[in-house]
Amino acid sequence: MVLIYIDHSEKEIKKSSHEAIFYGAAIAKQLGCSAEALILGTVNDDLTALGKLGASKVHQLNNESLNSFDAKVHASLIATAASNLNAEVIVFAHNINGKAIAPAVAVKLDAGIVTGACSLPNLQNGFEVTKTVFSGKAFANIKIETPKKVIAINQNSFGIQNYESSATIVELNIPIPAASVKVTHVNKINGEIPLTEANLVVSGGRGLKGPENWGILLDLAKALGAATACSRPVSDTDWRPHHEHVGQTGIQIAPNLYIAIGISGAIQHLAGVNRSKTIVVINKDPEAPFFKAADYGVVGDAFEVVPAFTAAILKMKHNE
Amino acid sequence: MNILVCISKTPDTTAKIAFTEGNTKFDENGVQWIINPYDEWYSLVRAIEIKEKDPTTNIHLITVGGPEAEPIIRKALALGGDEAIRVNSNSNDSYVIAQQIAAIAKQGSYDLIMTGKETIDYNSACIGSMLSAILDLPYVSLANHLEVNGNTATIQREIEGGEETNEVILPMIISCQKGMAEQRIPNMRGIMAARTKPLKVVEPIATNAHTSIKEFSLPPAKTGVKLIAPDQMDELVKLLKEEAKVI
């Protein structure tokens, strides 16, 4: 059986977990077994609807205290559930919480793990999974040598389709260990799309000349419904908050559309964004290295191009 | 307080990524090695800042690697580590590496074990989480702020679209990222002192790898950029909608 861990926050299942379920269900098909999901805590989502993503059952440990994340407690409960249910493959989203617990679960189950996976396993010579390495500059095929396997799938790398099916909910009964982490404060920036979950990202670099010029970028992001990001020099000089920094030493993202404005495209920046499906580069320097990695390019002054781009998008949306 | 800082050797961020031996090994030809930036800039420097506030703090460094890792560990000593341990193993399996670090951690009484959020070569982000399972300790990942008060750590960690503050009773494991501290450059006094600081080499414990790397590959090159004139933004929107189908 393939067991998929469902991550959630503020009573809502994360988008990356939807993808993980669909990915886990595809592995279950390869292996000829069932795909079942595991959720710790409570959400407002209809869990039976996870059948549409391929989960035949959803095992739920229905306890409000688990809505607050504690890596040690969550890893221990997932490992116990996976053992009790005799799961062969355990799938996580390679998101913030997945990174914190998937490797611990692998240790507890004596399972080999691949994190940052970006393909279905190849079963021709055992069990090989492709993952991104060198911050997205290359791939590695990793063979998992153990009978049990843990895979954490990169966000936005597999996609989702819907089946006509619904899942049954099974209540789990596992004693909950004592908390090891006390969450004392949560600071969520409301109305902002989390960068790692965003399909569309608009990003700015030093070419915008100063934080006071970010308005044109924010307008474009708003018109598209996109998240905002920036290059390292921009976050280092505090023009934009650190959590917006994408690149080798920042966040690595793979949205459907990445729009880079006034970013030259240094190798370290490209490492963080080159898995994006479509890249648009707006830069006044035709020699900017980013154009080599782009699908669409506009050589021009950002202060003229970006407002015109925004207007064109609003016009298109208005005509829809 | 005793802190164990995990140090990994990685290729420089500008290193050319190429492979050899039938795409089974990273081509180290001409590669400059550095301390993994997350280990150095955030985890090690924050440990040093803690020691600067409380000079009774001991900072021990650990690396799992061959003799070629020694310049890296000497640099970490020059920045401000007190002593270092190198486990003489060249594994690239996270589980094996975590087992080696855990074996050393069990011999010391560390209040805090610090790692970077991930290495910039394999990007596995596994070591901290694995250590928490092997050592049965609390773990907070992707931390961008850490204060220690007595036996309590107050940590800010990244969550989707924000931050969360956690309180944890030591001992614990923490993985560090941007925001935690600022990059430093070792000074001459540090470099001189590092030459005589203890660097102990120990042989690895026996443990089986759970994974092996079969083949590396490079992403396919982009087919070429389609240029759109700055006054043709309707055309760009049309291409994104109808050709790329992303909006």
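The values are calculated or read from the model by the stated rules, or taken from the named source; none is laboratory data. These numbers come from a predicted model, not from an experiment. FYI the Cβ positions are ideal-geometry reconstructions off the backbone, even for glycines, and counts take in every protein chain you see.
Table: residues versus (1) buried (at least 24 other Cβ atoms within 10 Å of the Cβ); (2) of a type in the set (F, W, Y); (3) at pLDDT below 95; (4) in contact with a Leu (Cβ under 8 Å, 6 or more places away or on another chain).
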{"residue": "A:A20", "(1), (2), (3), (4)": "yes, no, no, no"}
{"residue": "A:Q30", "(1), (2), (3), (4)": "no, no, no, yes"}
{"residue": "A:D70", "(1), (2), (3), (4)": "yes, no, no, no"}
{"residue": "A:K99", "(1), (2), (3), (4)": "yes, no, no, yes"}
{"residue": "A:A102", "(1), (2), (3), (4)": "yes, no, no, no"}
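Looking at (1) at negative phi; (2) in contact with a Leu (Cβ under 7 Å, 6 or more places away or on another chain); (3) more than 9 Å from every other protein chain (Cβ to nearest Cβ), which is the one condition that is false for A:N256?
With (1) at negative phi; (2) in contact with a Leu (Cβ under 7 Å, 6 or more places away or on another chain); (3) more than 9 Å from every other protein chain (Cβ to nearest Cβ) applied to A:N256, the lone miss is (3).
Specify the residue that is nearest to the other protein chains (Cβ to nearest Cβ); the eligible residues are those in the stretch B:194-247 that are over 30 Å from A:L270 (Cβ atoms) and in contact with a Gly (Cβ under 9 Å, 6 or more places away or on another chain).
So the first thing to find is which residues in the stretch B:194-247 are over 30 Å from A:L270 (Cβ atoms), and the list is B:194-210.
With the extra rule that they be in contact with a Gly (Cβ under 9 Å, 6 or more places away or on another chain), the set shrinks to B:194, B:197, B:209-210.
On the way: B:A194: 24, B:K197: 27, B:A209: 7, B:H210: 3 Å.
For the stretch B:194-247, the residue satisfying everything is B:H210.
Can you tell me which residue is modelled with the highest pLDDT among those in the stretch A:139-161 that are closer than 15 Å to A:A20 by Cβ and not in a strand (DSSP E or B)?
This residue is A:N154.
So which residues in the stretch B:145-176 are touching a Lys or Arg at 6+ places or on another chain (Cβ under 8 Å) and at pLDDT below 95, if there are any at all?
B:I159, B:E160, B:G161, B:G162, B:E163, listed by residue number.
Residues being within 17 Å of B:K75 (Cβ to Cβ) and among the basic types (K, R): count how many of those fall in the stretch B:11-33.
Count: 0.
Could you say whether any residue in the stretch B:147-161 is at the interface with chain A (Cβ under 9 Å from one of its Cβ atoms) and part of a loop (DSSP other than H, G, I, E, B)?
yes
Here are the criteria: (1) touching a strand residue (DSSP E or B) at 6+ places or on another chain (Cβ under 6 Å); (2) more than 14 Å from every other protein chain (Cβ to nearest Cβ); (3) of a type in the set (G, A, S). Tell me which single one B:S43 does not satisfy.
(2)
Which of the residues that make up the stretch B:114-144 are more than 15 Å from A:G250 (Cα to Cα), in a strand (DSSP E or B) and more than 8 Å from chain A (Cβ to nearest Cβ)?
B:M114, B:T115, listed by residue number.
Given the conditions (1) within 9 Å of chain A (Cβ to nearest Cβ); (2) crowded, with 24+ Cβ neighbours inside 10 Å; (3) assigned to a loop (DSSP other than H, G, I, E, B), report the number of the one that B:N166 does not fulfil.
(3)
Suppose we filter A:R240, A:R275 for residues that are of a type in the set (K, R) and either closer than 18 Å to A:F139 by Cα or not assigned by TED's automatic domain parsing to the domain that holds A:P211 (or both); which single one remains?
Details: A:R240 fails: either closer than 18 Å to A:F139 by Cα or not assigned by TED's automatic domain parsing to the domain that holds A:P211 (or both).
Just a single option satisfies the conditions, and that option is A:R275.
For the structure I just gave you, tell me whether A:A229 is surrounded by 24 or more Cβ atoms within 10 Å (Cβ to Cβ) and at the interface with chain B (Cβ under 9 Å from one of its Cβ atoms).
Answer is no for this residue.
Would it be correct to say that A:D46 is at pLDDT 95 or above and either outside the structural domain of A:I144 (by TED's automatic domain parsing) or surrounded by fewer than 22 Cβ atoms within 10 Å (Cβ to Cβ) (or both)?
Against the criterion (at pLDDT 95 or above and either outside the structural domain of A:I144 (by TED's automatic domain parsing) or surrounded by fewer than 22 Cβ atoms within 10 Å (Cβ to Cβ) (or both)), A:D46 qualifies.
Here are some residues: A:I153, A:I169, A:I216. Which one is away from chain B (no Cβ under 12 Å), touching a residue at least 12 places away in the same chain (Cβ under 8 Å) and buried (at least 22 other Cβ atoms within 10 Å of the Cβ)?
Working: A:I169 fails: buried (at least 22 other Cβ atoms within 10 Å of the Cβ); A:I216 fails: buried (at least 22 other Cβ atoms within 10 Å of the Cβ).
Only one candidate qualifies: A:I153.
Among the residues that make up the stretch A:74-95, is at least one of them closer than 16 Å to B:A125 by Cα, at the interface with chain B (Cβ under 10 Å from one of its Cβ atoms) and in a loop (DSSP other than H, G, I, E, B)?
yes
For the subset of the stretch A:179-205 comprising residues that are part of a loop (DSSP other than H, G, I, E, B) and without any contact (Cβ under 8 Å) to a residue 24 or more places away in the chain, which member is nearest to A:G250 (Cα to Cα)?
A:I189
Assuming A:I263 fulfils every condition listed in (1) crowded, with 24+ Cβ neighbours inside 10 Å; (2) out of contact with any His (no Cβ under 7 Å at 6 or more places or on another chain) apart from one, which condition is it?
All conditions are met except number (2).
Conditions first: (1) small (G, A, S); (2) touching a Gly at 6+ places or on another chain (Cβ under 7 Å); (3) more than 9 Å from chain B (Cβ to nearest Cβ). A:A221 passes all but one, so which condition is the exception?
Unmet condition: (2).
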